[in-house]
Every structure is written in structure tokens, then in C-alpha cells.
Amino acid sequence: MPATDLRLRGSDGGAGLLAVVCLIAVAVLGSFGLVVVTAGSADATRARVAADLAALATLNWGPSVGAEVALANGGEVLTIERFVLSATVEVRFGGVEVVARSSYAD
């Protein structure tokens, strides 16, 4: 048997080796996909938190404080609007943009 022959001994003709290689390939590709999904989910969560906190701070203390809160939480402020009873803030974190609204309860 030559040294480059990768077939397993027996009557299966190397099907067992092919199955093992396929399982390893699926596991590796699945791991990469999981890492990408997890990173995107973390960015989305951080963007949501920064936007929510900035909207609350804008409503209570004004747009300048809202912008500082968003920056302190890693977000980049795109727009801030404050009305009489509500505030809207748009924040970007990584590749994720989030709009948060806050208002006083009736």
C-alpha cells in the first residue's frame, strides 16, 4: 500500500474517512458562522443600550447630556430631537443603527 493512500482498511473503500472529513468541515464552518452572528448580535445590543440611555438622558436633561451618554456607551450620535414630552435619538454602534424614543407617561 503506498504512503499516500488515505483509505481506511476494510471493505468500505474510505467512506469512513470521508465522513470524518465532512463532519470536521461542517463543524469548522458552523463555528465561523456562529462567531459572525454573535458579533452582530453584540453590536446590536450595545447600540440599543446606548440609544435607549441617550433617549432617556435627552428627555430628562437635554440633548447635550444625551449625546454624552451615548458616547460614553460607545455609540455615535446621528440625530437627537427633543420635544415637549418626548425625545428621539438615533445612534450607530459598529455597523448597526438604532432609533430610540422616550416619552413621559400620562
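The values are calculated or read from the model by the stated rules, or taken from the named source; none is laboratory data. Computed from a predicted structure; not experimentally measured. A quick note on method: Cβ atoms are made from the backbone with ideal geometry, for glycine too, and the neighbour counts reach across all protein chains shown.
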Practice item. Tell me, please, whether a residue that is closer than 14 Å to D43 by Cα, surrounded by 13 or more Cβ atoms within 10 Å (Cβ to Cβ) and in contact with a strand residue (DSSP E or B) (Cβ under 6 Å, 6 or more places away or on another chain) can be found in the stretch 77-86. Key: no
Might you let me know whether the stretch 38-59 holds any residue that is outside any helix (DSSP H, G or I) and either in contact (Cβ under 8 Å) with a residue 60 or more places away in the chain or more than 12 Å from the chain's Cα centre (by Cα) (or both)?
-> no
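Results for (1) in contact with a strand residue (DSSP E or B) (Cβ under 8 Å, 6 or more places away or on another chain); (2) surrounded by 13 or more Cβ atoms within 10 Å (Cβ to Cβ); (3) modelled with pLDDT of 85 or more; (4) under 30 Å from V77 (Cβ atoms), shown as yes or no for each residue.
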| position | (1), (2), (3), (4) |
| --- | --- |
| A3 | no, no, no, no |
| L17 | no, yes, no, no |
| L29 | no, no, no, no |
| F32 | no, no, no, no |
| T38 | no, no, no, yes |
| A42 | no, yes, no, yes |
| V49 | no, yes, yes, yes |
| A57 | no, yes, yes, yes |
| G62 | yes, yes, yes, yes |
